[in-house]
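Single-structure report; data block below.
The values are calculated or read from the model by the stated rules, or taken from the named source; none is laboratory data. From a predicted model like this one, the values you see are computed outputs, not experimental measurements. We place every Cβ from the backbone using ideal geometry, glycine too, and count neighbours over all the protein chains shown. The protein model used for the area step is the full one, side chains on, heavy atoms only, and it has no ligands, DNA or RNA in it. Shrake-Rupley method; radii C 1.70, N 1.55, O 1.52, S 1.80 Å.
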Amino acid sequence: MCSSVDAYLNAVYYCFLHQYAEKLDLSDADEIRSYICPQATHTFDEILDLLTFSGHKLVLFIDNFNSPLLNSTPENCNDIHGRIWDCIICPLRSALEAGLVVGGVVLGTPIAEEPIWSLFEHIARDVSDEERVRGAFGFTLPEVQELAAEALGEAEGIKFVDELKHSPAYRSGNYVEYSMEDVLGRLRSCTMSAGTIKRATAKESAKDISLDGVL
């Protein structure tokens, strides 16, 4: 049965094959598509066959590996977990045993102070709760405070940080982090607004000076 999980994984597999087409001796898009099967597990098997033939190994680098589970509902959690296990974990373990996967690094999103249970145990290194990833994937609160104070001034910076605390955040290495894109986007918006206010104030001051000269 083909599912949204299959469709998503096949899209990822297609991008992988396209990126490494030369190394895997794939000539064009049509040949790449010929390796995409309705079921993602079969597509992955095809990729493993290509790796075997080409003599290359697979190294894993996966971000937010537990995001599907975090966004699941009580009704579909077991089904999603099962699909991940069937479509990703089991094939990877088989590939590891066959020597086609040589490890890698995965990062998940911890949701409690305890270390999360990793689906990729014995397959790749899970660094979700390691100290070394602190601040590597987002801004920590002290970093946000420093950026906001520099961009907006101390008073507005404090206000900015207080508002940001109510926005979604995530943890890595047991530290709360905020999306770099979100923080910079908010700061950019605030600095543009501040610049508009300053320009308007300057114009009003110029008008007052001009009127004083006339009067």
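Would you calculate the separation in nanometres between label points at Tyr14 and Ile36, each defined as 7 Å from the Cα along the Cα-to-beta-carbon direction?
0.2 nm
At a 1.4 Å probe, what is the % contribution of carbon and sulfur to the accessible area of region 21-122? Before the final figure, lay out the partial values.
Working: 3230 of 5970 Å².
Carbon with sulfur: 54 percent of the solvent-accessible area.
Find how much the distance from Ser179 to Thr73 grows on full extension, using 0.36 nm per residue of separation minus their present alpha carbon separation; answer in nm with one decimal.
Values: separation 106, 0.36 × 106 = 38.16 nm, distance 2.40 nm.
Between Ser179 and Thr73, full extension yields an extra 35.8 nm.
Fully extended, how many nm does the chain gain between Leu141 and Leu58 (0.36 nm per residue separation, minus their Cα-Cα distance)? Mind dumping the intermediate values first?
Numbers: separation 83, 0.36 × 83 = 29.88 nm, distance 3.61 nm.
Result: 26.3 nm gained on full extension.
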